[in-house]
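Take a look at the structure set out below.
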Amino acid sequence: MPGTKIVLFEVEDWVRDYLKQRGLEPHEVKLVNKPLDESTVDEAEDADIVSVFIYSRLDKAVLDKLPNVKFIATRSTGYDHIDLKECQNRGIVVSNVPRYGENTVAEHAFALILALSRRLKASIKRTNQLDFDLSGLRGFDLKDKTLGVIGAGAIGLHSIRIGRGFGMNVLAYDAFPHPILAEVLGFEYTSLERLLSESDVITLHVPLIDETHHLINKENIFQIKRGAILINTARGAVVDSEALVIALDVGILSGAGLDVLEGEESIKEEAQLLSDQLPVEKLRAVVRSYTLLHRDNVIITPHVAFYSVEAEHRIIDTTVDNIECFLSGSPCNVVKPKK
């Protein structure tokens, strides 16, 4: 289908030259650095294909303004930012990037783990003030500690391998256990309750779906082993931010490493915070997230766990493959709403 109009949102300038290398020249390709939402949808009003990342919002209101779109290629593994049922009703095919940064995200999770276990935030802050006093900066070894991995999929398995490399004992909770993998990699599947109660470090690697929304919550936060640290490189809403603040306040958690925050899409758009359209519960989540910023035992990064040169190239490569598959009449990596 030469001449197909393709609009990519949330892209950096380097993508243009990279796309030329991948052979999309026969098509009209437009790059927009902002997310696709009601304020930017006019950029794609006559598009046949749109490609988005996680900060775009493709709901009914946006889709109403994209009458020609027949294919949406999200450059992410998760797709909670797209109304799949509405797309299905309109005959729009949606594809994702199922694998691109398994090791990349796992490595970032361990960067957060190491930063917390060795109190790097407080150490760097103190050193920058020319204060070399060691009091309060003693860390702990990862060797022989228990790592709890919630979600033992592709990313979780890389976290398990890294944890085992540090000499950690590993417990894993997953909806679809694979006993052979556990035997080969040397970890143990267990219940969520046991994982929470026995793990010194808990790292989350699950998608955001109905079943995982507030998976860590005010009911089970008190089951966590006292003094554990919690790492979230998955999605912000997997953790109830109110429960997280409580756990840090009362010392259940000694620290948290967060690459994602509940309500982060609203934090990113300051204008939305100032409007009266933000639901009260979401506003509360945003405020709680802000209160975490200045704690020495909390490290927050701006959703960059995926963000490496190699992972970015894999994302674009798979997205181009998805577009080419669709144009050839054989869509690949298709995601559909649950029945």
R0 of 22 Å, Cβ-Cβ distance Ile209-Tyr307: FRET efficiency to nearest 0.05 = 0.40
Cβ density ranking, 10 Å radius, fewest first, applied to Asp317, Asp210 yields Asp210, Asp317
Share of pairwise Cα separations in the chain, more than 28 Å, in percent | 47
Only helices counted: for the chain, with every DSSP H run of 4 or more residues adding -39500 (n - 2.57) and the sum spread over all residues, [θ] at 222 nm is -10000 deg cm²/dmol
Would you mind working out the magnitude of the charge dipole of the range 102-300 relative to its Cα centre, with +1 at each Lys and Arg C-beta and -1 at each Asp and Glu C-beta, to the nearest 20 Debye?
-> 740
With only Lys, Arg, Asp and Glu charged, each at its Cβ (+1 for the first two, -1 for the last two), find how big the charge dipole of the chain is about the Cα centre; round to the nearest 20 debye.
-> 800
No other cysteine beta carbon under 4.7 Å away is the test; run it over the chain and list who passes.
-> Cys87
About its Cα centre, the range 37-85 carries a charge dipole, from +1 on Lys and Arg Cβ atoms and -1 on Asp and Glu Cβ atoms, whose size in debye to the nearest 20 is 280
Treating cross-link reach as a plain straight distance, find the aspartates and glutamates whose alpha-carbon is under 18 Å from the alpha-carbon of Lys65, omitting any fewer than eight places away in the same chain.
-> Asp37, Glu38, Asp42, Glu43, Glu45, Asp46, Asp48, Asp83, Glu86
Over 31 Å between alpha carbons, listed pairs Lys34/Lys218; Lys70/Lys218; Lys145/Lys218 | Lys34/Lys218; Lys70/Lys218
Could you calculate, for the range 102-300, the ratio of the Cα radius of gyration to the Kirkwood radius, expressed as Rg to Rh?
-> 0.98
Could you give the length gained on full extension between Ser39 and Tyr18, defined as 0.36 nm per residue of separation minus the Cα-Cα distance, in nm?
-> 4.8 nm
If you plug each phi of the range 132-141 into the Karplus form 6.51 cos²θ - 1.76 cosθ + 1.60 with θ = phi - 60°, what whole-Hz ³J(HN,Hα) values come out, in order, with x for Gly and Pro?
-> 10, 5, 8, 4, x, 10, 5, x, 9, 6
Set Lys and Arg Cβ to +1 and Asp and Glu Cβ to -1, take the dipole of the chain about its Cα centre, and tell me which of Ala106, Thr212, Ala61 lies farthest positive.
-> Ala106
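Every read-out reported here was derived from the displayed coordinates using simple, explicitly stated rules and does not represent laboratory data. Every value quoted in this text rests on a predicted model; they were computed, and no experiment measured them. Cβ coordinates were reconstructed from backbone atoms using ideal geometry, including for glycine residues, and neighbour counts include every protein chain displayed.
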